[in-house]
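Visitor: What follows is a single structure, and I will ask about it in a moment.
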Amino acid sequence: MPRSPTTTDAFNAIAEERRREIIHHLAGQERSVNDLVDSMGVAQPQVSKHLRVLREVGLVNVRQDGKHRWYSLNAKQLKPVFDWVQTFEQFWDHQLAGVKALAEAKAKAAKQEKS
């Protein structure tokens, strides 16, 4: 079965590592393509291609200011991803509790060995 186009939804769009990196860079502030190129060390055509995909699914907004385009994150569009991932939080909490208990047991055993 052919793969869905990356422009259908946020899940497909963020499946690509570079697009997730762009989202990370846009999370803190609005940036131009050149800002992203400089901070990511990726060629401008590649950054522009990924920005186009992110715009098409609504994850990124663009505003024109003279000759420059400024890109910003539309975090509301990530909500379906957050909601889906959140269903697995119970597994992480359980695993973290186990890691914590193991670390505490090892620390207690090491303390008893020193005594």
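The values are calculated or read from the model by the stated rules, or taken from the named source; none is laboratory data. This one's a predicted model, so the numbers in the text were calculated from it and none came from an experiment. Cβ coordinates were reconstructed from backbone atoms using ideal geometry, including for glycine residues, and neighbour counts include every protein chain displayed. Areas reflect the complete protein model, heavy atoms only, side chains present, ligands, DNA and RNA absent. Shrake-Rupley method; radii C 1.70, N 1.55, O 1.52, S 1.80 Å.
Visitor: If I model a spin label at K111 and S48 as a point 7 Å from the Cα along the Cα→Cβ vector, what separation in nanometres do I get?
Guide: Placing both labels 7 Å along Cα→Cβ, they lie 6.1 nm apart.
Visitor: Go through the range 98-106 residue by residue and turn each phi into a ³J(HN,Hα) via Karplus (6.51, -1.76, 1.60, θ = phi - 60°); whole Hz please, and just put x for glycine and proline.
Guide: Going residue by residue, I get x, 5, 4, 4, 5, 4, 5, 5, 5 Hz, with x marking Gly and Pro.
Visitor: What's the lysine pair count for the chain at a Cα cut-off below 21 Å, pairs eight or more apart or interchain?
Guide: Taking the Cα cut-off of 21 Å, the pair count is 4.
Visitor: Here's another thing I want to ask about it. Computed from the coordinates I sent, log10 I(q)/I(0) by the Debye sum over Cα atoms at q = 0.14, 0.16, 0.19, 0.23 Å⁻¹ equals one of [x] -0.60, -0.72, -0.92, -1.19; [y] -0.53, -0.70, -0.98, -1.38; [z] -0.68, -0.78, -0.97, -1.23. Tell me the label.
Guide: Recomputing log10 I(q)/I(0) by the Debye sum over Cα atoms at q = 0.14, 0.16, 0.19, 0.23 Å⁻¹ here picks out [z].
Visitor: May I ask you to give the solvent-accessible area per residue for the chain, in square angstrom, as obtained with a 1.4 angstrom probe?
Guide: 73 Å²
Visitor: Let me ask you something else. For the chain, what does the helix formula give at 222 nm: sum of -39500 (n - 2.57) over DSSP H segments with n ≥ 4, over the residue count, nearest 500 deg cm²/dmol?
Guide: The per-residue figure over the chain is -19000 deg cm²/dmol.
Visitor: Can I ask one more? Got a sec? Charge dipole of the range 18-75, +1 on Cβ for Lys and Arg, -1 for Asp and Glu; which of V37, H50, G66 is way out at the positive end?
Guide: Checked the options; the winner is H50.
Visitor: Roughly to the nearest percent, how much of the accessible area of the chain is carbon and sulfur, given a 1.4 Å probe? It would help to have the intermediate numbers written out before the result.
Guide: Values: 4500 of 8350 Å².
That share works out to 54 percent.
Visitor: Taking the Cβ-Cβ separation of R18 and F91 as r and a Förster radius of 30 Å, what is the calculated FRET efficiency to the nearest 0.05?
Guide: Calculated transfer efficiency: 0.60.
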